[in-house]
Ligand code: SF4
């Protein structure tokens with residue numbers, strides 16, 4: 001059994017299940033790292049250069065956790081996953097950064113370049129595209145694509161990535177939240193769904209009685225329509241999702257929006273300003289929290305609770 005390590009970080013939250021399905025279909029054994037914790041974070045911080053953003057440090061920590069248990073690591077090198085749009089340059093250099101951290105171990109690089117999207121044989125690691133029969137590869141890609149489509153369908157039905165994964169793998173569908181109060185949570189998927197990094201934000205909001213809306217609940221088409229009026233299209237795919245879903249959440253009447261941004265993220269410096277400007281224009285209560293390796297209760301939870309108090313007061317005041 002050849003074990004292939006898959007770090008539970010970065011775009012694992014979008015493509016992880018499909019990658020896993022593909023590897024299984026062609027006869028490899030995917031090994032996914034456990035949830036982020038202190039050891040993983042510290043290892044990533046130690047392995048990365050200071051200037052790198054927090055999510056990449058986390059990715060390196062997961063890679064280091066896996067490397068002793070598997071024969072190779074599956075690492076994405078993403079440039080563009082949508083036509084005329086780009087992914088942040090850190091994704092382009094991910095294999096080199098990982099190589100620096102894990103040494104001579106084998107990396108399988110899953111590419112995505114212009115006009116070479118998910119599902120294409122050209123995108124596959126060379127070791128796989130040349131080492132397996134075309135029929136086996138095509139069958140694996142087809143199955144993975146089916147899983148990916150179903151995964152997105154579940155996300156758009158309101159399930160969170162971890163819930164959609166459980167539904168697909170175990171057939172257990174979680175109860176859907178029923179609440180008269182709703183709140184938006186925006187940010188990159190690896191900030192929103194890594195509960196160690198964000199100190200369990202989603203659970204905290206749900207426990208306070210909020211239905212939580214996240215960017216993955218909106219389809220690409222909805223986002224495109226929503227952002228059609230921008231004088232200059234945003235060319236960051238992840239940034240588009242943040243701004244578009246912020247607008248859609250406002251239209252759906254959320255009480256406020258929490259923006260979880262990553263410390264040292266270049267693209268978010270721009271998107272954060274756009275979100276703040278639009279939030280101010282429509283009077284949407286907005287809390288932006290920068291996550292970094294030192295995020296602690298005082299910095300995140302206390303500010304979040306103060307923000308939720310403010311929303312409750314605003315609601316009471318409007319009802320009087
Ligand atoms: S978009 Fe920001 S947080 Fe994500 S990898 Fe790039 S710099 Fe890091």
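In segment 42-55, how many residues are within 16 Å of the ligand (Cβ to nearest atom) and in a helix (DSSP H, G or I)?
5
Here is a list: 122, 111, 90. Which entry is buried (at least 16 other Cβ atoms within 10 Å of the Cβ) and in contact with a strand residue (DSSP E or B) (Cβ under 6 Å, 6 or more places away or on another chain)?
111
Exactly one condition in (1) in contact with a strand residue (DSSP E or B) (Cβ under 6 Å, 6 or more places away or on another chain); (2) without any contact (Cβ under 8 Å) to a residue 24 or more places away in the chain is not met by residue 228; state its number.
Going through (1) in contact with a strand residue (DSSP E or B) (Cβ under 6 Å, 6 or more places away or on another chain); (2) without any contact (Cβ under 8 Å) to a residue 24 or more places away in the chain one by one, residue 228 breaks only (1).
Please work out which one of (1) touching a strand residue (DSSP E or B) at 6+ places or on another chain (Cβ under 8 Å); (2) touching a residue at least 60 places away in the same chain (Cβ under 8 Å) is the condition residue 240 fails and give its number.
Of the numbered conditions (1) touching a strand residue (DSSP E or B) at 6+ places or on another chain (Cβ under 8 Å); (2) touching a residue at least 60 places away in the same chain (Cβ under 8 Å), the odd one out for residue 240 is (1).
Restricting to segment 242-267, what's the tally of residues that are within 16 Å of the ligand (Cβ to nearest atom) and in a strand (DSSP E or B)?
4
Every residue, every condition in (1) assigned to a helix (DSSP H, G or I); (2) closer than 20 Å to residue 11 by Cα; (3) modelled with pLDDT of 95 or more, yes or no:
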| site | (1), (2), (3) |
| --- | --- |
| 122 | yes, yes, no |
| 173 | no, no, no |
| 176 | no, no, no |
| 183 | no, no, yes |
| 191 | yes, yes, yes |
| 194 | no, yes, yes |
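Give segment 192-225 a look and list any residue that's within 17 Å of residue 275 (Cα to Cα) and in contact with a strand residue (DSSP E or B) (Cβ under 7 Å, 6 or more places away or on another chain), or say none.
192, 213, 214, 215, listed by residue number.
Go through (1) within 15 Å of the chain's Cα centre (by Cα); (2) within 16 Å of the ligand (Cβ to nearest atom); (3) more than 25 Å from residue 296 (Cβ to Cβ) for residue 234 and report which single condition fails.
Only one criterion is unmet by residue 234, namely (1).
Restricting to segment 295-316, give me the number of residues that are modelled with pLDDT under 80 and either assigned to a helix (DSSP H, G or I) or over 18 Å from residue 194 (Cβ atoms) (or both).
Number of matching residues: 1.
In segment 153-160, is there at least one residue being part of a helix (DSSP H, G or I) and within 27 Å of residue 51 (Cα to Cα)?
So far as segment 153-160 goes, no, none of its residues is part of a helix (DSSP H, G or I) and within 27 Å of residue 51 (Cα to Cα).
Starting from residues that are part of a loop (DSSP other than H, G, I, E, B) and within 14 Å of the ligand (Cβ to nearest atom), keep the ones in segment 268-294 and report whichever is modelled with the highest pLDDT.
My answer is 292.
Say whether the condition of being surrounded by fewer than 17 Cβ atoms within 10 Å (Cβ to Cβ), in contact with a helix residue (DSSP H, G or I) (Cβ under 7 Å, 6 or more places away or on another chain), modelled with pLDDT of 90 or more and outside the structural domain of residue 314 (by TED's automatic domain parsing) is met by at least one residue in segment 130-137.
No - not one qualifying residue is present in segment 130-137.
Which numbered condition in (1) at positive phi; (2) free of Cβ contacts under 8 Å to residues at least 60 places away in the same chain is the only one that residue 248 fails?
All conditions are met except number (1).
Name the single residue, out of those in segment 20-41 being assigned to a helix (DSSP H, G or I) and in contact with a helix residue (DSSP H, G or I) (Cβ under 7 Å, 6 or more places away or on another chain), that is nearest to the ligand (Cβ to nearest atom).
Taking the candidates together, the pick is 41.
The values are calculated or read from the model by the stated rules, or taken from the named source; none is laboratory data. Worth saying up front: this structure is predicted, and the values here are computed from it rather than measured. All Cβ positions, even for glycine, are placed from backbone atoms using ideal geometry, and neighbour counts span all protein chains on display.
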